[in-house]
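Worksheet: the structure to be examined is printed underneath.
What follows draws every value from the coordinates through simple rules; no lab data is involved. Bear in mind that the values here come from a model prediction, so they are computed numbers and not experimental data. Note that each Cβ is placed from the backbone with ideal geometry, even for glycine, and that neighbours are counted across all protein chains shown.
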Amino acid sequence: MLQLAVLRRLIQRDLLFCLLIWFGLELLCFGILPLLKIIQFDQSSDWFALSVALGLLGILCFVASSYITLTTGDRRKRSHRSLQWLTGRAMAWLGLAGIAFPLLVISERIVSGIFDRLMA
């Protein structure tokens, strides 16, 4: 069984790391690239609000997956350990998808900009 202090330190590290990556992506995708006029967003665009919501949920999923995965060894039955490990992995991937959502938004904006230029 992992000691509580070690577990707390690992979860805090994951939380800080995910927040830093997500904030950097948000700043790049919704701050720097529109400022440099590489991409444009419509006035009625809700991409930023959706990105904030999915990013924060993604961070929570990733941190929860760390906790679930780190406490897998506490289970006695092998089937429970396997299910807990799979749940942790699935939550980690969902969390990463939420954190990386700004990249999907930027990809969509760049591709739509290319198609708009080709059609014009």
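Here are a few things to note about the model shown:
- Comparing mean-square fluctuations of 68, 38, 11 from a GNM of the chain with C-alpha springs under 10 Å, the top value falls on 38.
- Ranked list, fewest to most other Cβ atoms within 10 Å of each Cβ, for 99, 106: 106, 99
- Burial ordering of 63, 52, fewest other beta-carbon atoms within 10 Å first: 52, 63
- Taking label points 7 Å from Cα along the Cα-to-Cβ direction, residue 16 and residue 110 give a separation of 3.1 nm.
- Burial ordering of 107, 65, fewest other beta-carbon atoms within 10 Å first: 107, 65
- Using alpha-carbon coordinates, inclination of helix 4-27 to the longest axis of the chain, degrees: 10
- Of the trypsin sites (Lys or Arg not before Pro) found in region 50-120, the ones in coil according to DSSP and having at most 14 other Cβ atoms within 10 Å of their Cβ are 75, 76, 77.
- From its DSSP helices (H runs of at least four residues, each -39,500 (n - 2.57)), the chain gives a residue-normalised ellipticity at 222 nm of -26000 deg cm²/dmol.
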